[in-house]
Amino acid sequence: MTKYFKILLLPNLRTGMILTFTCALIICVGTLIPLPQGVDVPGTDKWHHFLGFAALTYPLTVASRRYWLSIIVFGLLFGALIEIIQPYVHRFGDVADFTVNAIGVLIGFSFGVIGYFLKLKSDNLVSQPKQ
């Protein structure tokens, strides 16, 4: 596994926080900046919500078990808050979007847990002395 591949897929705490913050910022920009006119891209809106919120929860879940409950609560509240704020910035809040956000949070978290245990296993293999 290359160094950069491991840094992104199995980040340490600092990198996990940076990646999570970056995803939150991208989600805010993508969902809260008013659009001059309605954008109709059938079928892709829900995928964007799903991928954005899965990417939001994955890095910090992999980075530290200590933040597991916090990242789920944050992801769900953040997804709800985005949908509540959107009508005030001339966007459309949607319960279906929140549902997809929540599914993204849970799937991102699930993959993060798998990544966390893979990282533990990888770290244990590296730290064992060779015989």
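The values are calculated or read from the model by the stated rules, or taken from the named source; none is laboratory data. Not measured: the values here are computed from a predicted model. So basically every Cβ, Gly included, is an ideal-geometry build from the backbone, and we count neighbours across all protein chains shown. Ligands, DNA and RNA are stripped out before the accessible areas are found, and what is left, the full protein with its side chains, is counted by its heavy atoms. Shrake-Rupley method; radii C 1.70, N 1.55, O 1.52, S 1.80 Å.
Laid out as a table, the results:
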quantity: Among the residues listed as ASP40, ASP45, the single one being of a type in the set (Asp, Glu), at pLDDT below 95, in a loop (DSSP other than H, G, I, E, B) and farther than 29 Å from LEU13 by Cβ; calculated: ASP40
quantity: Filter result for LEU77 (at pLDDT 95 or above and not basic (Lys, Arg)); calculated: yes
quantity: Residue match in the range 27-37 (condition: modelled with pLDDT of 75 or more, in a helix (DSSP H, G or I) and open to solvent by 70 Å² or more (accessible area, probe 1.4 Å)); calculated: yes
quantity: Residue within the range 50-64 that is without any contact (Cβ under 8 Å) to a residue 12 or more places away in the chain and either surrounded by fewer than 16 Cβ atoms within 10 Å (Cβ to Cβ) or outside any helix (DSSP H, G or I) (or both) present; calculated: no
quantity: The range 1-20 residues that are in contact (Cβ under 8 Å) with a residue 12 or more places away in the chain and within 20 Å of GLY75 (Cβ to Cβ), paired with ones that are open to solvent by less than 100 Å² (accessible area, probe 1.4 Å) and assigned to a loop (DSSP other than H, G, I, E, B) (beta carbon under 8 Å, 6 or more apart); calculated: LEU13/SER64; GLY16/SER64; LEU19/PRO11
quantity: Residue in the range 78-101 that is of a type in the set (Gly, Ala, Ser), touching a residue at least 40 places away in the same chain (Cβ under 8 Å) and touching a helix residue (DSSP H, G or I) at 6+ places or on another chain (Cβ under 6 Å) present; calculated: no
quantity: Lone qualifier among PHE117, PHE111, PHE74 - being more than 23 Å from VAL29 (Cβ to Cβ), surrounded by fewer than 19 Cβ atoms within 10 Å (Cβ to Cβ) and under 11 Å from the mean Cα position of the chain (by Cα); calculated: PHE111
quantity: Qualifying residue in the range 80-96 (condition: of a type in the set (Phe, Trp, Tyr) and part of a loop (DSSP other than H, G, I, E, B)); calculated: yes
quantity: Filtered residues of the range 3-26 (kept if of a type outside the set (A, V, I, L, M), over 12 Å from the mean Cα position of the chain (by Cα) and open to solvent by less than 90 Å² (accessible area, probe 1.4 Å)); calculated: LYS6, PRO11, ASN12, THR15
